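Reviewing the structure listed below.
What follows is calculated from the coordinates using simple rules that are stated; it is not laboratory data. Just so it is clear, the model here is predicted, and its values are computed rather than measured. Note: ideal-geometry Cβ built from the backbone for every residue, glycine included; neighbour counts use all protein chains shown.
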Amino acid sequence: MQKTGFFMRFITVLGFVFLYAPILSLVIYSFNESRLVTVWGGFSTKWYGELLKDPQILSAAWISLKIAFTSASIALVLGTLTALVLVRFGRFRLRELLNGMITAPLVMPEVITGLSLLLLFVVMESWLGWPSQRGFTTIVIAHTTFCMAFVAVIIESRLSDMDESIEEAAGDLGARPVRVFFDITLPTIAPALVSAWLLAFTLSLDDLVIASFVSGPGSSTLPMVVFSKVRLGVSPDVNALATIMIGAIGLGVVIATILLLRQEKRAE
């Protein structure tokens, strides 16, 4: 038993090292004085200053943040409504089709998703004249479609575990369905809503493949700019940018975890 326990701990540590050692080295070398990313030249924060002076990076970051915020917010609303339909409305015609359509984006390769959306926008432009060009709007639509599936799965799981007797009691006391939703259901699933929004925001901010298909001139997102820079060689300012993104995403994960832990304590 002791040998088995030691082997499991060793494999666990090895897995964490394999996953996070490259990220740790990237963070360390973002504070490197040298222009060569593989040669340590002393501690310095100058590359963060250089990053803030790069108009291409700043413009792409602002576009990505706007797209991620808009897409995550729309996906949260649509995904929550979809989850409510699947959990609260019981069996209905085409329910399995809706469930399958929600699950499909989770397992479908992003290349196929991006290509299909590109063809859709081309056909819509030919028939309807909208969207007139690919850019911010088309990326938001694509990311909303992609992220809505993740939101729906998270909210559906939370609604399935929720005690419906509280909602039924409110209904028996005369509360209308809308009042029950906003006063009871929404506060109860609030931590799941925050987690779903943060996940959708991160997925949109991190996406490269789908955005590459549906973007146009002047709408390059941050991952697209980083990818174009990396193709010519990794520079220290890219390490600084990656460190900032890691910190922002890590902060979001910590906030979501704290909210979920508080909700679990309240439930207990």
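For the range 43-267, what relative contact order do you get, as a whole percent, if you take Cα pairs closer than 8 Å and at least 6 residues apart?
Across the range 43-267, relative contact order equals 35 percent.
What's the FRET efficiency of Arg91 with Ile255 using the Cβ-Cβ distance as r and R₀ = 30 Å, to the nearest 0.05?
About 0.20, to the nearest 0.05.
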For the pair Val178/Phe43, report the inter-label distance in nm, with labels modelled 7 Å from Cα in the Cβ direction. 5.9 nm
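Just give me a number: lysine pairs in the range 43-267, eight or more positions apart or cross-chain, with C-alpha atoms less than 23 Å apart.
4
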Read phi for every residue in the range 9-22 and hand back ³J(HN,Hα) as whole Hz from Karplus 6.51 cos²θ - 1.76 cosθ + 1.60, θ = phi - 60°, with x for Gly and Pro. 5, 5, 5, 5, 4, 4, x, 5, 4, 5, 7, 10, 4, x
Size of the dipole of the range 43-267 about the Cα centre, Lys and Arg at +1 and Asp and Glu at -1 on the beta carbon, nothing else charged, in debye to 20? 280 debye
Global geometry of the range 1-119, whether rounded, prolate or oblate, following the gyration tensor of its Cα atoms and the 1.5 cut on a/c: oblate
Assuming a viscosity of 0.692 mPa s and a temperature of 37 °C, what translational diffusion coefficient in µm² per second does Stokes-Einstein assign to the chain, Rh being the Kirkwood radius over Cα pairs? 152 µm²/s
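Arrange the peptides 14-22, 164-172 so that the one whose residues have, on average, the most other Cβ atoms within 10 Å appears first.
So the order, starting with the most tightly packed, is 164-172, 14-22.
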With each label point set 7 Å from Cα along the Cα-Cβ vector, what nm distance links Leu65 and Ala21? 3.5 nm
Give the Debye-formula value of log10 I(q)/I(0) at each listed q (0.30, 0.31 Å⁻¹), with one equal scatterer per alpha carbon of the range 159-203, two decimals each. -1.03, -1.06
Among 247-255, 66-74, 44-52, the order from most to least packed when residues are scored by Cβ within 10 Å on average: 66-74, 44-52, 247-255
Asn32's amide H: which non-local residues (gap 5+, or another chain) put their own amide H closer than 5 Å, with H modeled 1.01 Å from N in plane and none for Pro or chain starts? Ser44
Could you give the length gained by full extension between Arg266 and Trp130, i.e. 0.36 nm per residue of separation minus their alpha carbon distance, to one decimal place? 44.1 nm
Take the Cα atoms of the range 141-268, build their convex hull, and give its volume per residue in Å³. 127 Å³
